[in-house]
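Participant: The structure is given below, and queries will be raised subsequently.
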2 protein chains.
Amino acid sequence: MSDNPLLAMGQAAREASYQMLGLGAKQKNALLQAICQQLRQHEAAILAANAIDMAAAEQAGLQGAMLDRLLLNSDRLAAIIADIETVIALADPVGEELESRLLDNGMRLSRRRIPLGVLGVIYEARPNVTVDVAVLALKTGNAAILRGGKETLHSNRALLVAIHDALATQALPKAAVQLIDNPDRALVTALLQLDSHVDMLIPRGGAGLHRLCLEQSRIPVITGGIGICHMFVDQAAQLDKVADLVVNAKVQRPTVCNALDTLLVHEAIAPRLLPALATTLRGLGVELRACPQAHALLGERAVVAGPEDFSQEWLALVLGVKLVAGVDEAIAHIRAHSSEHSESILTDDMSTAERFVNAINSSAVYVNASTRFTDGSQFGLGAEVAVSTQKLHARGPMGLDALTTYKWIGQGHYTARS
Amino acid sequence: MSDNPLLAMGQAAREASYQMLGLGAKQKNALLQAICQQLRQHEAAILAANAIDMAAAEQAGLQGAMLDRLLLNSDRLAAIIADIETVIALADPVGEELESRLLDNGMRLSRRRIPLGVLGVIYEARPNVTVDVAVLALKTGNAAILRGGKETLHSNRALLVAIHDALATQALPKAAVQLIDNPDRALVTALLQLDSHVDMLIPRGGAGLHRLCLEQSRIPVITGGIGICHMFVDQAAQLDKVADLVVNAKVQRPTVCNALDTLLVHEAIAPRLLPALATTLRGLGVELRACPQAHALLGERAVVAGPEDFSQEWLALVLGVKLVAGVDEAIAHIRAHSSEHSESILTDDMSTAERFVNAINSSAVYVNASTRFTDGSQFGLGAEVAVSTQKLHARGPMGLDALTTYKWIGQGHYTARS
């Protein structure tokens, strides 16, 4: 620990977090307003820095979605600022009294929501996440240590200058938001071991990053954002309504974690449902990977699924299709393959739906709905920090509350335990 | 993972957890009643097994409290059974609907409390913990994998036979409660890496065990049970009431985590308070380790504190004593030395109390009360799984709720995301 290269950064973040926790909602919102203002004032510098990142990324051969995520322009900066205004409008969860009781001995015992302290966030090459995470952390009275993708280093540095200038206008320490602005991967490991100064780690990235964090982190990790999502079409589903939901779940936005990955179909209705559904999906550019029984119904509209195809988060227009004998086989398949993100059953049979909902303990379980709803704004949380698929602290879309914890407060009258 | 020696145990626990989560409160309470009955029926075998452990422990030179913790007798078994009856009487948190809303699109969105799944518990040589943990896990619909101290191996095996017999009477799988009954420490490491089959790890033991879990566990760990607890006596405290609270916090039960470790005294009142207080404490057998300024007031009643003395959980009749210039120095000292378990301020000055309560984010913060209150039964939680000092999931005394998580349930009408 004493030779951790991030030790000074961690200590500074901890000190800054002590100043942040003393702020009221009004002061924190003034800070967020100042960030909006500084982002506007620094627009030229930010876009110039982003242009350097973009040029380097093109040189390095980045293409398509990767390059698009990297890009900042005037409109996108305005959208980032608009998102901050949304966060300003949200209620501040800090200070909320979660419960309060008078104990028999006269002590008033209450539980009060407080900031977590210092957040560590590791994320991919998306400059908007830098602002997003900083703003959510500050809104909830936390300090943050950020480690963004190396492709956005110049953009992130320029954004940090704006955030630091905003902190300065409010007489708050720069260390409230710090950036690990060295792409050396050894610093990721160093961050994971900074458990005495970082209270929660949020990895926003692929399975490899999550695995690394699980294996190496001494800091509690929020696992999530990876969805191997299932939809089970029961024999009692309204078959004429199935296609719309499958298309919505698979095609609306295939690159996100709540998009559908595997369609499970009750074998009794598969002959009536699957051929036409496959034609629809093929027409929308969806490639089908089918189990042998489904393949027998689909012929050239599908390829035979390989052994790993039912353990994939596709993030693309690909869909696994598998026939099952009923809800129990669907449950068993989901338990074996799901990442516990989002699963759905389509059925009009209430007892089948209940069986599915009780047996499946994914973060979000739907009856007659698309998996695409697992999202902070859809759930009405206002902001989304991440989508957790783990079981501790927070599950599913994480709002501002998930960046807080609580303490017990006992107010006595020189009260001793008897 | 595939060569983890506990893999089969983990898989069996996961399967058993699926059966457990389907049980209602009545069935779970019937199981706990069956455990009471089987413990009574197996009393002779349990006490005989415990006698083997006791003989081996005496042979190995164990003494005093260690030996006493190991001992089972008829009265203690009856007390264990009485504790189960208490748990039976508690409300079952599983199934509780934490919130429920109708979204604009007509979807009913609710959040339902569910079991965590599989708990891993590592604990010291206390056979009562074996039953305690198994009962709390089963009450909340979880499966558990237990690893008790090697000194209690025979006792734990005998207790497990009773628990397994009880599971059998309810047609439930033995794998719902499993014991790692091999003292090889490599199996602790194996358990820490069983993250795909164990959902939460509770280490109940010393700082070394917690450190091992933080460093090696891929499973979320509940850190806690270690209390470096402080009491700050402000200048505005009612001085005639201080001694009772200090004695209560330090002397009532010095071996527990909520006992007082360091007394911070405002320098303005130290000359009036400390000499008499030190005499009282010395009379009760408390050794005082004082900062130089306090030592100057106490002379032979104290020794000068060494550099590590203010970072100790004493678990004994030893107390650190330090003078501070005011509440800010007390806050800074606590932030630097506390394990975030329990801290207390004694003062009649409301703004000083508020400053202390707002600045100190330990799991429990008291005003004019003993630190000894941080306890599940004192807080009215019914049962206590552990005392958490971390910030995620649960803080302070953990009741049955802390062995649950939740899922989101969306009930639609073939609802697609627009």
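The values are calculated or read from the model by the stated rules, or taken from the named source; none is laboratory data. Fair warning: this is a prediction, and the values are worked out from it, not measured in the lab. FYI the Cβ positions are ideal-geometry reconstructions off the backbone, even for glycines, and counts take in every protein chain you see. Just the protein is used for accessible areas: all its heavy atoms, side chains included, with ligands, DNA and RNA removed. Shrake-Rupley method; radii C 1.70, N 1.55, O 1.52, S 1.80 Å.
Participant: Just to check, using Stokes-Einstein with a Kirkwood Rh over alpha carbon pairs, what's the diffusion coefficient of the stretch A:343-399 at 25 °C and 0.890 mPa s in µm²/s? Could you put the intermediate results ahead of the total?
Facilitator: On the way: Rh = 12.1 Å.
Translational D for this selection: 202 µm²/s.
Participant: Please give, to one decimal in nm, the separation of the simple spin-label points placed at B:ARG108 and A:GLN11, each 7 Å out from Cα toward the Cβ.
Facilitator: For the pair B:ARG108/A:GLN11, the computed spacing is 5.7 nm.
Participant: Mind giving me the FRET efficiency for A:GLU300 and A:ASP348? R0 is 25 Å, r the Cβ-Cβ distance, nearest 0.05 is fine. Present the calculation step by step, with values, prior to reporting the outcome.
Facilitator: Details: r = 32 Å, r/R0 = 1.29.
Efficiency, rounded to the nearest 0.05: 0.20.
Participant: Give me the distance between the Cα centres of the stretch B:156-214 and the stretch B:40-115, rounded to whole Å.
Facilitator: Centre-to-centre (Cα) distance: 13 Å.
Participant: Could you check how much of the accessible area of chain A is carbon and sulfur, as a whole percent, using a 1.4 Å probe?
Facilitator: Numbers: 7980 of 15650 Å².
With neighbouring chains kept in place, the figure for chain A is 51 percent.
Participant: Between the label point of B:GLY61 and that of the same position in each other copy, find the distances and list them shortest first in nm, with every label point placed 7 Å from Cα along the Cα-to-C-beta direction.
Facilitator: Here B:GLY61 shows inter-copy label distances of 6.5 nm.
Participant: Can you show me the helix-derived [θ] at 222 nm for chain A, built from DSSP H runs with n ≥ 4 at -39,500 (n - 2.57) apiece and divided by the number of residues, rounded to the nearest 500.
Facilitator: Details: 14 runs with 170 residues, N = 418.
After summing the helix terms and dividing by residue count, I get -12500 deg cm²/dmol.
Participant: Among DSSP beta bridges whose residues both lie in chain A, state the antiparallel percentage, nearest 5. Don't jump to the answer; show the numbers that get you there.
Facilitator: Details: 17 of 56 bridges.
Antiparallel bridges make up about 30 percent of those DSSP assigns within chain A.
Participant: Quick check for you: with a 1.4 Å probe and neighbouring chains kept, what is the accessible area per residue of chain B, in Å²?
Facilitator: 37
Participant: List the GluC sites (Glu not before Pro) within the stretch A:96-174 that fall in a DSSP loop (any state other than H, G, I, E or B) and whose Cβ has at most 15 other Cβ atoms within 10 Å.
Facilitator: Qualifying residues, ordered by number: A:GLU96.
Participant: In vacuum, with every alpha carbon of the stretch B:12-144 counted as one equal point scatterer, what does the Debye formula give for log10 I(q)/I(0) at q = 0.15 Å⁻¹? Two decimals, please.
Facilitator: Summing over Cα pairs of the stretch B:12-144 leads to -0.83.
Participant: Once R0 is set to 25 Å, what does the formula 1/(1 + (r/R0)^6) return for the Cβ-Cβ distance between B:LYS150 and B:ALA79, expressed as a FRET efficiency to the nearest 0.05? It would help to have the intermediate numbers written out before the result.
Facilitator: Details: r = 24 Å, r/R0 = 0.96.
After rounding, the FRET efficiency stands at 0.55.
Participant: Once label points are set 7 Å from the Cα along Cα→Cβ at both A:GLN293 and A:GLU58, what is their separation, rounded to one decimal in nm?
Facilitator: A separation of 5.3 nm, rounded to one decimal place.
Participant: Taking the dipole about the Cα centre of the stretch A:8-69, with the C-beta of Lys and Arg at +1 and of Asp and Glu at -1, give me whichever of A:ALA44, A:ALA13, A:GLN63 is farthest to the positive side.
Facilitator: Looking along the dipole axis, the top candidate is A:ALA13.
Participant: Leaving out ligands, DNA and RNA, calculate the buried accessible area for the pair B and A with a 1.4 Å probe, summed over both sides, in Å² to the nearest 100.
Facilitator: Working: alone 18810 and 18840 Å², together 31310 Å².
Buried area (both sides, nearest 100 Å²): 6300 Å².
Participant: On to the next question. What is the magnitude of the charge dipole of the protein assembly as shown about its Cα centre, with +1 placed on the Cβ of each Lys and Arg, -1 on the Cβ of each Asp and Glu, and no other charges, expressed in debye to the nearest 20?
Facilitator: For this selection, approximately 280 debye.
Participant: If you stretched the chain out fully between A:ARG272 and A:LYS26, how much longer would it get, using 0.36 nm times the residue separation minus the C-alpha to C-alpha distance? Walk me through the intermediate numbers first.
Facilitator: Numbers: separation 246, 0.36 × 246 = 88.56 nm, distance 5.95 nm.
Stretched out fully, the A:ARG272 to A:LYS26 stretch lengthens by 82.6 nm.
Participant: Counting only C-alpha contacts under 8 Å and six or more residues apart, can you give the relative contact order of the stretch A:229-378 as a whole percent?
Facilitator: Working: 285 pairs, mean separation 49.1, N = 150.
It rounds to 33 percent for the stretch A:229-378.
Participant: Another one. What gaps in nm, shortest first, separate B:PRO271 from its twins in the other copies when you place the label 7 Å past Cα toward the beta carbon?
Facilitator: 10.1
Participant: Would you be so kind as to identify which of A:ALA158, A:ILE114, A:HIS197 lies farthest towards the positive end of the dipole of the stretch A:81-199, taking Lys and Arg as +1 and Asp and Glu as -1 on Cβ and the Cα centre as origin?
Facilitator: With unit charges placed on the Cβ atoms, the residue in question is A:HIS197.
Participant: Determine the distance separating the Cα centre of the stretch B:365-418 from the Cα centre of the stretch A:332-379; give it in Å without decimals.
Facilitator: Centre-to-centre distance over Cα atoms comes out at 25 Å.
Participant: Can I ask one more? Could you name the residue in chain A with the C-beta closest to the rotation axis that superposes chain A on chain B, along with the separation in whole Å?
Facilitator: Residue nearest the A-to-B axis, with distance in whole Å: A:HIS393, 2.
Participant: While we're looking at this one, here's another question. How big is the stretch A:195-293 by Rg and Dmax over its Cα atoms, in Å?
Facilitator: When restricted to the Cα atoms of the stretch A:195-293, Rg and Dmax are 18.6, 59 Å.
Participant: For the modelled label position 7 Å from the Cα of A:ALA44 along Cα-to-Cβ, which residues of the stretch A:135-167 have backbone nitrogen atoms closer than 16 Å?
Facilitator: A:162
Participant: If you take the alpha carbon radius of gyration of chain B and divide it by 2.2 N^0.38 Å, what ratio comes out, to two decimals?
Facilitator: On the way: Rg = 24.2 Å, N = 418, 2.2 N^0.38 = 21.8 Å.
My calculation over the Cα atoms of chain B gives 1.11.
Participant: Averaging sequence separations of C-alpha pairs under 8 Å and six or more residues apart, then dividing by the length of chain B, give the relative contact order as a whole percent.
Facilitator: Working: 819 pairs, mean separation 74.8, N = 418.
Reported relative contact order: 18 percent.
Participant: Which aspartates and glutamates have a Cα lying under 13 Å from the Cα of B:LYS241, excluding residues fewer than 8 positions away in the same chain?
Facilitator: Result set, ordered by chain and number: B:ASP348.
Participant: To continue, here is another question. Considering only the stretch A:229-378, what is the antiparallel percent among its DSSP beta bridges, to the nearest 5? Walk me through the numbers on the way to the answer.
Facilitator: On the way: 0 of 25 bridges.
Among the beta bridges of the stretch A:229-378, antiparallel pairing accounts for roughly 0 percent.
Participant: List the extent of the Cα atoms of the stretch B:265-418 along each of their three principal axes, largest first, rounded to whole Å.
Facilitator: 79, 31, 29
Participant: Please sort by residue number the GluC sites (Glu not before Pro) in the stretch B:294-349 whose DSSP state is loop and whose Cβ has at most 10 other Cβ atoms within 10 Å. Let's see the in-between values first.
Facilitator: On the way: sites: B:GLU300, B:GLU308, B:GLU313, B:GLU329, B:GLU340, B:GLU343; in loops: B:GLU308, B:GLU313, B:GLU340.
Answer in residue order: B:GLU308.
Participant: Right, here's the next one. Round to the nearest 10 and report in Å² the accessible area of B:HIS210, as given by a 1.4 Å probe over the protein chains' heavy atoms.
Facilitator: Approximately 10 Å² for this residue.
Participant: Now a separate question. Defining the label point at 7 Å along Cα→Cβ, can you sort the distances from B:SER311 to the same site in each other copy, shortest first, in nm?
Facilitator: Reported distances to equivalent positions: 4.3 nm.
Participant: Something else now. Considering only DSSP beta bridges whose two residues both sit in the protein assembly as shown, what percent are antiparallel, to the nearest 5?
Facilitator: Around 30 percent of the beta bridges assigned by DSSP in the protein assembly as shown are antiparallel ones.
Participant: In debye, nearest 20: dipole of the stretch A:1-106 around its Cα centre with unit charges on the Cβ of K, R (+) and D, E (-)? Please report the intermediate quantities before stating the final value.
Facilitator: Numbers: 7 positive and 14 negative charges, 47 e Å.
Here the stretch A:1-106 has a charge dipole of around 220 debye.
Participant: Right, here's the next one. Considering Cα pairs under 8 angstrom that are at least six residues apart, work out the relative contact order of the stretch A:341-418 and quote it in whole percent. Kindly include the intermediate steps, with their values, before the conclusion.
Facilitator: Details: 99 pairs, mean separation 18.1, N = 78.
Taking the mean separation of contacting Cα pairs over the length of the stretch A:341-418, I get 23 percent.
Participant: Still on this model: With +1 on each Lys and Arg Cβ and -1 on each Asp and Glu Cβ, how big is the dipole of the stretch B:229-378 about its Cα centre, in debye rounded to the nearest 20? The partial results should precede the final answer.
Facilitator: Working: 11 positive and 18 negative charges, 68 e Å.
Charge dipole, the stretch B:229-378, about its Cα centre: 320 debye, nearest 20.
Participant: Once fully extended, how much extra length lies between B:ALA91 and B:TYR18, figured as 0.36 nm per residue of separation less the alpha-carbon to alpha-carbon distance?
Facilitator: Numbers: separation 73, 0.36 × 73 = 26.28 nm, distance 2.11 nm.
Stretched out fully, the B:ALA91 to B:TYR18 stretch lengthens by 24.2 nm.
Participant: Follow-up question, since we're still on this one. What whole-number value in cubic angstrom gives the convex hull volume per residue for the C-alpha atoms of the protein assembly as shown? Before the final figure, lay out the partial values.
Facilitator: Values: hull volume 139.3 nm³, N = 836.
Given the Cα convex hull of the protein assembly as shown, per-residue volume reads 167 Å³.
Participant: Then there's this: Net charge within 15 Å of A:LEU39 by Cβ-Cβ distance, Lys/Arg positive one each and Asp/Glu negative one each, not counting A:LEU39 itself? Could you put the intermediate results ahead of the total?
Facilitator: Numbers: positive: A:ARG40, A:ARG76, A:ARG157; negative: A:GLU43, A:ASP75, A:ASP83, A:GLU85, A:ASP132, A:ASP165.
It works out to a net charge of -3.
Participant: Once the Cβ-Cβ distance between A:ALA325 and B:GLN33 is put in as r, and R0 is 51 Å, what FRET efficiency do you end up with, to the nearest 0.05?
Facilitator: 0.85
Participant: Roughly what would the spin-label model give for A:GLN252 and B:ARG185, points 7 Å off Cα along C-beta, in nm?
Facilitator: The modelled label-to-label distance comes out at 5.4 nm.
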